[in-house]
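Below: the structure, in structure tokens.
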Amino acid sequence: MAELSQEIHVSLLSNDRGLTDAIARTLGPGFIARCSSDWNPRQWLSSGESCDVVLLDLRAAAGDTECGLSFIDTIQRNENGPAAVVLCDEDDRDLMAKVLDHGVYDTVQNPPNMIELRLILRRACKIQTSRREIRRLNAMLRGSGSLPGIIGGAPRMQEVFALAKKVAPCDVNVLITGETGTGKELLASAIHHLSSRAAGPFVAFSCANLPETLIEDELFGHEKGAFTGASGIRRGRLEAADQGTVFLDEVGDIGLSLQPKLLRVLQARTFERLGSNTSVNANIRLVSATNRNLQEMVQQGTFREDLFYRLNVVHIHLPALRERRDDIPLLAQHFVQKFAELFHKRAKRFSRSAMLALEEYSWPGNIRELENVVQRAVALSDRTVIDTDLLPDAIQENCVNLKASDSYEDEVRQFKRRLVLRTLQACGGNVVESARTLGVARGYLHRLINQLEIRGREENVIPYPEKPGRPQLVA
């Protein structure tokens, strides 16, 4: 994979050996050229001579343009293959359009302007290198069971990761739901970076608690003189996200009078700036999020049904932190390392009792609250181990009756008890499903429940909300 600071390997493919020799001599430093007249793509690819860019002269493609197009198709199917640039006669517009449809990077008029040719070859190499890197990173992410920027090993999060990876390459609208602080923007960003629009912009905007006029101006922009104080043209967020992704947070806060304008963007892919009658194309993908129940708002008449279905092509629900408690130690340790490095502190981890307190807290503010708690603890700490005295009062009070026992046997018993209780709660009290989740026999789980003295009324000892449905595709 060539870097721009290194030499670029170019394969010149033509039956006109005089032309390719002349180009090879005049490309100059920074390029290594190899001339060939072999239009058999299999033989060419198996020759062992790798290159960054191939320059094809289709005027002399063995007397057959279709042979040259077949060659282009073959190398395009090779994900790690070179970028393709084609030499065309200036007046052969049909051929230029055809090769661009076959996926070549660009066309160059014959005879080529060498300054222009060098620039095009460098750009083609840069684009191809970027695409290879994106594919490499995507492959790493697919194999890692995670998403960029998101930490989570709990089964509920693995379901989210799997669905996000499936939908990311498909250019459809996604609606992310979940409580405040669960990481909806991080998930939207991960979907963008795994999509075909990854090279384009990711533009985020929150509609929360903003006047409708301000939301409209932020999204659509305005023309000069559209209103008092509009002294010039202003591009909105939708226009700035051309070829990329728009993340619209708290979409439920958009008023009824503005909703038809957003619906038109999703239907016709066009809009007008405030004060203008000229349509602007909106080549965007929309990922929206809310912590409100849009279906209830539709029934109440405060949200348009047609807009809801346009937004909700694919629905992904992010679980609250209390529903994925197994991730709390992982997240807490990540934040400790992050802030210890940022603040130049000695802190390396939480003590056993402090971690227990974090695990048993209900986290109404979810991951955002956990991050703030860890940030505060690291900032106040002058030790390598962070103890409970550096946690907020609410968390300390919550763990007063949950202190770990000095007895190893008692501590193991309490751990098993918490694990079984959480699993029963997550499975709605269903012992068969709980046994399957824990990977144990149903009879053994029954005995364990009796040994640990777990009673039905104790299913709510650890607060959980009603279990939401699994993320699903919406027709």
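The values are calculated or read from the model by the stated rules, or taken from the named source; none is laboratory data. Note that the structure is a prediction, hence the values are computed from the model and not measured. Quick reminder, even Gly has a Cβ in these numbers, built from the backbone with ideal geometry, and neighbours come from all protein chains shown.
Observations on the model:
- Among the residues of the stretch 80-94, those that are under 23 Å from R118 (Cβ atoms) and more than 35 Å from the chain's Cα centre (by Cα) comprise L87, C88, D89, E90, D92.
Residue by residue, here is whether (1) under 26 Å from the mean Cα position of the chain (by Cα); (2) part of a helix (DSSP H, G or I); (3) of a type outside the set (V, I, T); (4) crowded, with 19+ Cβ neighbours inside 10 Å holds:
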| residue | (1), (2), (3), (4) |
| --- | --- |
| S353 | no, yes, yes, no |
| L356 | no, yes, yes, yes |
| P364 | yes, no, yes, no |
| N372 | yes, yes, yes, no |
| D389 | no, yes, yes, no |
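- Beta carbons closer than 6 Å, at least 6 apart along the sequence or on distinct chains, pair a first residue in the stretch 65-84 that is within 17 Å of R123 (Cα to Cα) and in the same structural domain as A97 (by TED's automatic domain parsing) with a second that is of a type in the set (F, W, Y) and surrounded by 14 or more Cβ atoms within 10 Å (Cβ to Cβ) for A83/Y105.
- Answer from R324, R346 - the residue that is among the basic types (K, R), modelled with pLDDT under 95 and buried (at least 19 other Cβ atoms within 10 Å of the Cβ): R324
- Residue match in the stretch 368-378 (condition: under 27 Å from I151 (Cα atoms), at pLDDT below 85, assigned by TED's automatic domain parsing to the domain that holds A332 and not aliphatic (A, V, I, L, M)): no
- Test result for L424, assigned to a helix (DSSP H, G or I), among the hydrophobic types (A, V, I, L, M, F, W, C) and either over 24 Å from A357 (Cα atoms) or modelled with pLDDT under 75 (or both): no
- Condition check for V104: part of a strand (DSSP E or B), modelled with pLDDT of 75 or more and either closer than 18 Å to H9 by Cβ or basic (K, R) (or both): no
- The residue that is farthest from A83 (Cα to Cα), among those in the stretch 107-123 that are buried (at least 16 other Cβ atoms within 10 Å of the Cβ) and at pLDDT below 80, is N110.
- Sole exception among (1) under 26 Å from T180 (Cα atoms); (2) surrounded by 18 or more Cβ atoms within 10 Å (Cβ to Cβ) for L258, by number: (2)
- Any hit, the stretch 297-320, residues being in a loop (DSSP other than H, G, I, E, B) and among the polar types (S, T, N, Q): yes
- The stretch 128-184, residues that are modelled with pLDDT under 85, surrounded by fewer than 16 Cβ atoms within 10 Å (Cβ to Cβ), over 13 Å from the mean Cα position of the chain (by Cα) and assigned to a loop (DSSP other than H, G, I, E, B): G145, G153
- Checking each residue in the stretch 192-238 for being buried (at least 16 other Cβ atoms within 10 Å of the Cβ) and acidic (D, E) picks out E216, D217, E218, E223.
- Residues considered: T213, T228. Of these, the only one that is more than 23 Å from K184 (Cα to Cα), without any contact (Cβ under 8 Å) to a residue 12 or more places away in the chain and in a loop (DSSP other than H, G, I, E, B) is T228.
- The single condition among (1) buried (at least 16 other Cβ atoms within 10 Å of the Cβ); (2) under 30 Å from Q414 (Cβ atoms) that F308 does not meet is (2).
- Scanning the stretch 325-349 for residues being charged (D, E, K, R) and either in the same structural domain as T437 (by TED's automatic domain parsing) or in a helix (DSSP H, G or I) (or both) gives a total of 5.
- Considering residues of the stretch 432-451 that are of a type in the set (V, I, T) and within 28 Å of C399 (Cα to Cα) only, the residue modelled with the highest pLDDT: I449
- Sole exception among (1) free of Cβ contacts under 8 Å to residues at least 60 places away in the same chain; (2) part of a helix (DSSP H, G or I) for L117, by number: (1)
- Single unsatisfied condition, Q259 versus (1) at pLDDT 95 or above; (2) out of contact with any Lys or Arg (no Cβ under 6 Å at 6 or more places or on another chain): (2)
- Hey, F247 modelled with pLDDT of 95 or more, among the aromatic types (F, W, Y), buried (at least 16 other Cβ atoms within 10 Å of the Cβ) and touching a Ser or Thr at 6+ places or on another chain (Cβ under 8 Å) or not: yes
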